[in-house]
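Visitor: Sending over a structure as structure tokens; questions will come in a sec.
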Amino acid sequence: METTVLRKVEKNAETIRLCYDAFNEGDLETVRKNFHKDVTWMVPGKSSMSGRKTGLVAVMDFLKKVGKETQGSFRANLKELALSEDGHVIAIHTLTAKRNEKHLDQECCMVFEYKDGKVISGKEYGFDLYALDDFWK
């Protein structure tokens, strides 16, 4: 990997680490600053939280809703990052949350794409879609 590409990929990984920490601390302003104005967010499944969110306002509203629906208990605990030469970052994390007497605890994966140094796309891949859908019912 060329040095300039490596620096770009490492910077993208640092941005993802920063966003995970900020999200878990309730600092959505830091998350917002690192997302592109045209960001999209894709959540699999058939629950009320599933589907594609398009644009910075829609994505930030979604992240706020996640916190509200779980009374602030939702956490995405970063375990590992994988980096690609084209600047993508793959994050593996554990989701934990409580909602309506239900408990969520499962591994998940996100693929992040970049444009102009900011996150332009986040695609979530849950390891147990049935459990995710049930949690958000």
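Read-outs throughout are calculated quantities, based only on the coordinates presented, and are distinct from any laboratory measurement. All values derive from a computational prediction rather than experimental measurement. With ideal geometry, Cβ positions are generated from the backbone for all residues, glycine too; neighbour counts draw on all protein chains shown.
Visitor: Roughly what percent of Cα-Cα pairs across the range 7-76 reach past 17 Å?
Guide: Details: 1128 of 2415 pairs.
Tail fraction, whole percent: 47.
Visitor: Expressed as a whole number of Å, what is the distance separating the alpha-carbon centroids of the range 26-55 and the range 63-110?
Guide: 12
Visitor: Moving on. From the C-alpha gyration tensor of the chain, pull out the three semi-axes of the equivalent ellipsoid (sqrt of 5λ each), sorted largest to smallest, in whole Å. Numbers along the way, then the final one.
Guide: Numbers: eigenvalues 130, 47, 36 Å².
Output for the chain: semi-axes of 26, 15, 14 Å.
Visitor: Please rank Tyr20, Tyr130, fewest neighbouring Cβ atoms within 10 Å first, as an exposure proxy. Kindly include the intermediate steps, with their values, before the conclusion.
Guide: Numbers: Tyr20 19, Tyr130 10.
Exposure proxy ranking, most exposed first: Tyr130, Tyr20.
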